Amino acid sequence: MTAYHRPIPILWWTERWSYLLFVLRELSSVFVAWFVVYLLLLINAISDGPAAYDEFVERSGHWWVVAINVIALLFVLLHTVTWFGLAPKAMVVKLQGRRVPPRAILAAHYAAWLLLSAITAWVILR
Amino acid sequence: MADRITLEVARFRPELDTEPVLQSYEVPLREHWAVLDGLSYIKDHLDGTLSFRWSCRMGICGSCGMTVNGDPQLTCATFLTDYAPGPIRIEPLRNFPVVRDLIVDIDDFMAKLPTVKPWLIRDVHSPIEEGEYLQTPDELDEYKQYSMCINCMLCYSACPVYALEPTFIGPAAIALAQRYNLDSRDEGASERAEVLASPEGIWSCTFVGECSAACPKGVDPAGAIQRYKLTAATKSIKDLLMPRSAR
Ligand code: SF4
Ligand code: FES
């Protein structure tokens, strides 16, 4: 029997919005990794003393570093939002024998995000 | 409303064709006709050589899945009038080898399905005289949704991960494993864990979500997979942190 195997078109990921989102989300992991590296560089600069820290801040001000960080931020936001979208599907929480509605689980995730961001902002800006 | 509609049907005759070609047929556009009725009309009146699968004509047997205008659909539950004035393109399900015309080979799924042991597993079977294993309605609700699967393969057809990594055991197989894992009468979750938590299992899934969008039975295989990811991850952490006795 000679069955036909349909080749996967190179642009298969443009066929559907959800496929495109899937590819972008896979790509977002690169930017998550970039933020980790950036944070490690920052910590390294801090541990090397005020001069190294000033140099780090100076370099971070370059337009292309800012550009990379803005793009990375957008991708990390995409990563977070889609990750949260998944959470209510993964978590089946029961309270007093009743299933907590998925919306409440989603809301709890956003609330936790907001809280942690507020704490971080407070630590940095205080 | 026009009284006829054109169906562009993918034909693949292995003895003639090296790849599918579209052939157009005009069929009556009747209000209660599903795409499958259009295909039957072609077979009965226009071209007896057209091959396709069907059985129940009521969304139960899962054999009439095809790609209709690019989307995986049960053709017995997809109506011609929804696509009027047409034309409607009907192709075999994606991601499976095409045997002939609209018929695909799903042996790959048939081989994978038993690896997740989709049946009730008991450590010790209680004697028949003791009667059935009882279950409350709440316990039934835990897995009922997953038991609605009709093995129609629309979810595999919609899944880009399955297209790219054919070793992925896939949405329905995982949903069916969960159907038993979450059944209060079952004791086989640990036997299924190895396959489910393998790289070909849940971790292949990147939550595209198209399987759940395609499913005609509301099984939500994507949800089943994400839920098992959490179960598997929690278990690995417990295995790492807790002494064997306390698990
Ligand atoms: S999970 Fe849904 S789409 Fe997949 S085989 Fe079962 S019924 Fe069909
Ligand atoms: S013919 Fe049985 S599901 Fe369509």
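Only the coordinates and a few stated rules stand behind these numbers; no lab work does. For clarity, every value in this text was computed on a predicted model and none was experimentally measured. Reconstructed Cβ throughout: ideal geometry from the backbone, glycine too, with neighbour counts over all protein chains shown.
Restricting to the stretch B:215-230, what's the tally of residues that are within 16 Å of ligand 2 (Cβ to nearest atom) and touching a Phe, Trp or Tyr at 6+ places or on another chain (Cβ under 9 Å)?
Looking only at that region, the number is 1.
If the requirement is being within 20 Å of the chain's Cα centre (by Cα) and either part of a loop (DSSP other than H, G, I, E, B) or at positive phi (or both), which of these qualifies: B:C149, B:C155?
On the way: B:C155 fails: either part of a loop (DSSP other than H, G, I, E, B) or at positive phi (or both).
Among B:C149, B:C155, only B:C149 is within 20 Å of the chain's Cα centre (by Cα) and either part of a loop (DSSP other than H, G, I, E, B) or at positive phi (or both).
Consider the stretch B:100-131. How many of its residues are out of contact with any strand residue (DSSP E or B) (no Cβ under 8 Å at 6 or more places or on another chain) and within 28 Å of B:E19 (Cβ to Cβ)?
The first filter runs over the stretch B:100-131 and keeps only residues out of contact with any strand residue (DSSP E or B) (no Cβ under 8 Å at 6 or more places or on another chain), leaving B:100, B:103, B:106-131.
Filter once more, keeping what is within 28 Å of B:E19 (Cβ to Cβ): B:100, B:103, B:106-112.
Number of matching residues: 9.
One line per residue, one yes/no per condition, for (1) under 25 Å from B:C159 (Cα atoms); (2) in a strand (DSSP E or B); (3) touching a Leu at 6+ places or on another chain (Cβ under 6 Å); (4) acidic (D, E):
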| residue | (1), (2), (3), (4) |
| --- | --- |
| B:I5 | no, yes, yes, no |
| B:Q23 | no, yes, no, no |
| B:E31 | no, no, no, yes |
| B:G38 | no, no, yes, no |
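Looking at the stretch B:185-232, which of its residues are of a type in the set (V, I, T), part of a loop (DSSP other than H, G, I, E, B) and more than 8 Å from chain A (Cβ to nearest Cβ)?
Quick first cut of the stretch B:185-232, residues of a type in the set (V, I, T) only: B:195, B:202, B:206, B:208, B:219, B:225, B:231.
This time we only want the ones that are part of a loop (DSSP other than H, G, I, E, B), so: B:206, B:208, B:219.
Result: B:V219, single match.
Kindly indicate which of A:I46, A:I8, A:I105 is part of a loop (DSSP other than H, G, I, E, B), surrounded by 11 or more Cβ atoms within 10 Å (Cβ to Cβ) and in contact with a helix residue (DSSP H, G or I) (Cβ under 7 Å, 6 or more places away or on another chain).
Matching residue, one of A:I46, A:I8, A:I105: A:I8.
Every residue in the stretch B:106-154 that is within 13 Å of chain A (Cβ to nearest Cβ) and within 16 Å of ligand 2 (Cβ to nearest atom), please.
The answer is B:I106, and nothing else.
What are the residues in the stretch B:61-105 that are among the small types (G, A, S) and more than 10 Å from ligand 2 (Cβ to nearest atom), if any?
B:G70, B:A84, B:G86
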